[in-house]
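Below is one structure, written out as structure tokens, with a few remarks after it.
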Amino acid sequence: MVAGLQALPMPSFRQIFSGKKENPIYPRPLLLQDLWEAVARFSAEIRRSDFMREMFQRQAATGSTGMMGMMDCATLYGLARWQRPAVVVESGGYLGMSSAFILKALADEKLSDAKIYSIEMDPDCPHGALVPDEFRSQFVPLHGDVKELIRTDALPSKLDLFLHDSSHRYRHMLWEFRAFWPRLRDRGMLVSHDVHFNAAFPEFVAQTYAHDPRGLLDAERTRHYEWGRWGYVGFAVKKA
Ligand SMILES: C[S@@+](CC[C@H](N)C(=O)[O-])C[C@H]1O[C@@H](n2cnc3c(N)ncnc32)[C@H](O)[C@@H]1O
């Protein structure tokens, strides 16, 4: 036995994982354990689906690259199903792979009033070409630079989910996270593709933490409930 270990008031397994009791030693930002299990289940479900097979056949037929891969589309679908957003904004719509998987999640959750605003600045891009016809009524394509569009009233002022998938330059990613985070509602979700490209996502998340003078988590002042990374997709659930 390491000297002094017995004297430590160790939290029980139940205290740590049940979410029913506050751990006095290591407070946690929040209890969203259901997210992990649900997203894993939803993403496994979509990976086995005809929808996944058909979307990737259609993607291959375009001969284009630069769209989300299978695992990240499945994660995005799982996150959107767990969160059940009414208002989604995505930057970097391109041919619409990410849009299609968000729209599929909305359909599977029967959120027929929900909308996704998809931003694409390349005027030559067939924006959203891969979005299945049955989802078109919920797809709002917006043409322009996200930096310009955010200054207009084309974008909603309050959102449930923001997906970054435009330019993956460090400063641009950080700018988007900072620009759209204030628009997210309580429990709104910031999602970013390609978080491994640079330090923008971990740096942004780090800034949502607060600590007390002892270096312990200040759960009250911490501005997220949960965050994580699955493959190349990062997410943070906002605490307003
Ligand atoms: C990686 S692709 C997006 C892939 C798409 N999400 C998918 O899964 O099909 C990135 C897109 O972001 C667009 N883009 C880059 N910078 C942008 C900006 N500042 N505003 C809007 N769109 C931008 C590019 O034109 C490009 O089509």
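Stretching the chain fully between Arg178 and Ser137 yields a gain of 11.8 nm (0.36 nm per residue, less the alpha carbon separation).
When both segment 41-118 and segment 134-174 are represented by their alpha-carbon centers, they are found 16 Å apart.
Calculated FRET efficiency, Ala38 and Ala129, Cβ-Cβ r, R0 35 Å, to nearest 0.05?
0.70
Extension gain, Ser157 to Asp212, is 16.6 nm, computed as 0.36 nm per intervening residue step minus the present C-alpha separation.
Spacing of the modelled spin labels on Asp108 and Ala240, each 7 Å from Cα toward Cβ, amounts to 2.7 nm. The modelled label-to-label distance for the pair Ala61/Glu220, using points 7 Å beyond Cα in the direction of Cβ, is 5.8 nm.
Taken along the Cα-to-beta-carbon direction at a fixed 7 Å, the label points for Ser49 and His196 span 2.5 nm. DSSP bridge analysis restricted to the chain gives an antiparallel fraction near 35%, rounded to the nearest 5.
Where a number appears in this text, it was derived from the coordinates with a stated rule and is not lab data. Keep in mind that what you see is a predicted model, and the values were worked out from it rather than measured. Every residue, glycine as well, gets a Cβ built from its backbone with ideal geometry; the counts of neighbours run over all protein chains shown.
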